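Single-structure report; data block below.
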Amino acid sequence: MAELNFFGYHYGHSFVHRLDVRCKLVSLLFLTAAVVAAIPVAMGPLSIGMLLLWVALQLPLQILGREIWAFLTFLLLVFIVRALSTPGDPWLSWGVLRIAREGLQEGGKVVWRLLMILALGLVFITTTRPSDLKAAVQWLLRPIPFVPARKAATMVGLMVRFIPVLHQQIGETQSALAARSGIRSRRSLRQIRYLILPTMRRVVLAADQLSLAMMARGYQEKRTDPTFHAKPADGLAVAVTGAVLVVTLII
Amino acid sequence: MIRLDKVSFNYADGSIGLQDLSLEIPAGELVVVAGPNGSGKTTLLKLLNGLLLPQRGRVTVDGICTREDLHGVRQRVGMVFQHADAQIVGETVADDVAFGPENLLLPRPEIDARVVEALDSVGLAHKKHQRPHLLSGGEKRRLTIAGVLAMRPSVVVFDEPFSSLDLFGVQQVLRQILALKESGHTLLVTTHDLDKIIAHADRLLLLHEGRLAQAGQPNAILPIVEQYGVREPDVSRLGMKARSWLN
């Protein structure tokens, strides 16, 4: 039931695990910007760096495989749209459909960038404790006027907490459906139709119970703020990733 | 000391929660509240924690009225819900225990100390980095108790604490309840299943259709509980003294 890897923190002691969450977030933004801005020549070193980081963190490769598999349909769609919509030297023609060599190259580049961004996001998620993630959201939103940073952080925390519960409940309802109706395919339209209402009802009931439980423990918007402990190594990480962005922009 | 004076509460759909309930529970007592579904057990607990406010009458805990100081009452009365999954709000075991103290605006070192203390007391210190949904049923129930204990309440109320637990889970939770009694907490436990807790109860309350039907020493009331839709424990039927589930 609990093998969902979205938002899945993997306990560890690597240098990335130990980074202050604010610095980790800024570094993530720098590297993402670098990936978005990089020309194909710069994507090579960035990809090698990404692979080395993944290996150094000793994160299970299955995580990458599983998340890419889930993301693959979207990437394939992006690739097809790019390949069909980019004008240039025709590589394949079939009726009104024309695929240009430039379209294939463009589609490949976009998919590569998206894969890199996905991998960076997974590094962040798998090395950041959910409570630190919540603290980072609060820290990031605090300067923005009229945005309730504490409330938003609590919402993020609850989302992280309840996604596995929701997953478990969907699994239970699916099993109950299969037992009573004999619908075996997990993706059949019939099953999806019968799945939505009971799941929604359980979610609403769970939300109601949750709000009661939070009130029972004295929940209020004004709560003890998270604490941060930045070290020199955190500043170094920001400097290095910032340098990577600058070099990528110069190239 | 808990005191209810002629407390009534009806739900918006017209169903009766409680009717004219008057009750006093001295500090340190373990009170078992029994009754069929809809008899008002959970309503009573919610009124004690201030989740519901009485439409008539008055509820006070250690002299504090739920109408006048809701935050103070919730700090004094910890409530452990029937469904542990709905009560656990933290992304890790330690984060969940910290939720209550954070609401009390305690400084971070004090919160950390309370988390360690509460997890130690329920035997979950070694799982503080664990994600809650990976815990067993008994462990989840103990985590919800730790979350309440971290607020250092004087009263802890349990809503059906033994439901959906196996023997080992029941024993774990029962040990926890008895440890709380030992440390001087006032405890209210609602249950359909008297067998699991009655040997340790100081008092038994029977609720029926929102009214207090019977209250007194468990041994005196057990023979008549079935009149009120609660199963009499087998040992009581056989004329024997109630036995602990820990033996």
Along the principal axes of its C-alpha atoms, what lengths does segment B:127-247 span, in descending order and rounded to whole Å?
-> 48, 28, 27
GNM of chain B, Cα pairs under 10 angstrom: of B:63, B:229, B:38, the biggest fluctuation goes to B:63
Given backbone amide H placed at 1.01 Å from N, residues whose amide H is under 5 Å from that of residue B:33, ignoring those fewer than 5 places away on the same chain, are B:189, B:190, B:191, B:205
Please state, as a whole number in µm²/s, the translational diffusion coefficient that the Stokes-Einstein equation yields for chain A at 10 °C and 1.306 mPa s, with Rh defined as the Kirkwood radius across alpha carbon pairs.
-> 74
May I ask you to derive the relative contact order of segment B:112-247, considering only C-alpha pairs under 8 Å and at least 6 residues apart, and to give it as an integer percent?
-> 18
Please work out, to two decimal places, the log10 of the ratio I(q)/I(0) at q = 0.09, 0.10 Å⁻¹ from a Debye calculation in which every Cα of the protein assembly as shown carries one identical scatterer.
-> -0.76, -0.89
Suppose R0 equals 45 Å; then what is the FRET efficiency for residue A:102 and residue A:243 from their Cβ-Cβ distance, rounded to the nearest 0.05?
-> 0.90
Once the principal axes of the Cα atoms of segment B:80-133 are found, what is the range along each, listed largest first in whole angstroms?
-> 29, 23, 18
With 5 Å bins from 0: P(r) over segment B:30-100, alpha-carbon pairs, percent = 3, 14, 20, 21, 19, 14, 7, 1, 0
Which of the lysines could a cross-linker span from residue B:6 if the Cα-Cα distance has to be under 20 Å and same-chain partners fewer than 8 positions apart are dropped?
-> B:41, B:46
Please compute the net charge surrounding residue B:1, taking Lys and Arg as +1 and Asp and Glu as -1 over other residues with Cβ under 12 Å from its Cβ.
-> -1
Non-local amide H neighbours of residue B:214 (under 5 Å, H modeled in plane, Pro and chain starts lacking H): which ones?
-> B:206
Relative pair counts by distance (%), Cα atoms of segment B:75-204, 5 Å bins | 2, 11, 23, 25, 21, 11, 5, 2, 0
Cα to Cα, under 14 Å, and not fewer than 8 places away if on the same chain: which aspartates and glutamates meet these conditions relative to residue B:128?
-> B:91, B:95, B:96, B:112, B:117, B:120, B:139
Name the helices (complete DSSP H segments) of chain B with a Cα length along the long axis of 24 Å or more and a Kyte-Doolittle mean of at least 1.0, or state none.
-> none
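Residues with beta-carbon under 9 Å from that of residue A:161, excluding residue A:161: net charge, scoring Lys, Arg +1 and Asp, Glu -1?
With Lys, Arg at +1 and Asp, Glu at -1, the neighbours total -2.
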Segment B:84-226: antiparallel bridges as % of DSSP beta bridges, rounded to 5, reads 50
So if we plug the beta-carbon distance of residue A:37 and residue A:163 into 1/(1 + (r/R0)^6) with R0 = 45 Å, what FRET efficiency do we get, rounded to 0.05?
-> 0.90
Using R₀ = 35 Å, calculate the FRET efficiency as 1/(1 + (r/R₀)^6) where r is the Cβ-Cβ separation of residue A:220 and residue B:3; round to 0.05.
-> 0.85
Could you state the number of Å between the C-alpha centres of segment B:107-184 and segment A:136-165?
-> 26
When each of A:24/A:222; A:151/B:181; B:127/B:241; A:231/B:127 is checked by Cα-Cα distance, pairs over 31 Å | A:151/B:181; B:127/B:241
Rounded to whole Hz, the Karplus (6.51, -1.76, 1.60) HN-Hα couplings of segment A:146-158, x for glycine and proline = 6, 9, x, 4, 5, 5, 4, 5, 4, 4, 4, x, 5
Evaluated at q = 0.09 Å⁻¹: base-10 log I(q)/I(0), Debye formula over Cα of chain B | -0.38
For chain B: relative contact order, % (alpha-carbon pairs under 8 angstrom, 6 or more apart) = 25
Percent relative contact order for chain A, counting Cα pairs under 8 Å at least six residues apart, stands at 34
Take every DSSP beta bridge whose two residues both sit in the protein assembly as shown, then give the antiparallel share in percent to the nearest 5.
-> 55
With charges only on Cβ, +1 for K and R and -1 for D and E, what is the dipole size of chain A about its Cα centre, in debye, rounded to 20?
-> 780
Ordered by residue, what ³J(HN,Hα) values in Hz, to whole numbers, does segment A:41-52 give under the Karplus form 6.51 cos²θ - 1.76 cosθ + 1.60, where θ = phi - 60° and Gly and Pro are x?
-> 4, 7, 5, x, x, 5, 5, 4, x, 5, 4, 4
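Where a number appears in this text, it was derived from the coordinates with a stated rule and is not lab data. Remember, it's a predicted structure, so these values are computed and weren't measured experimentally. Neighbour counts are summed over all protein chains in view; Cβ atoms, including those assigned to glycine, are modelled from backbone coordinates with ideal geometry.
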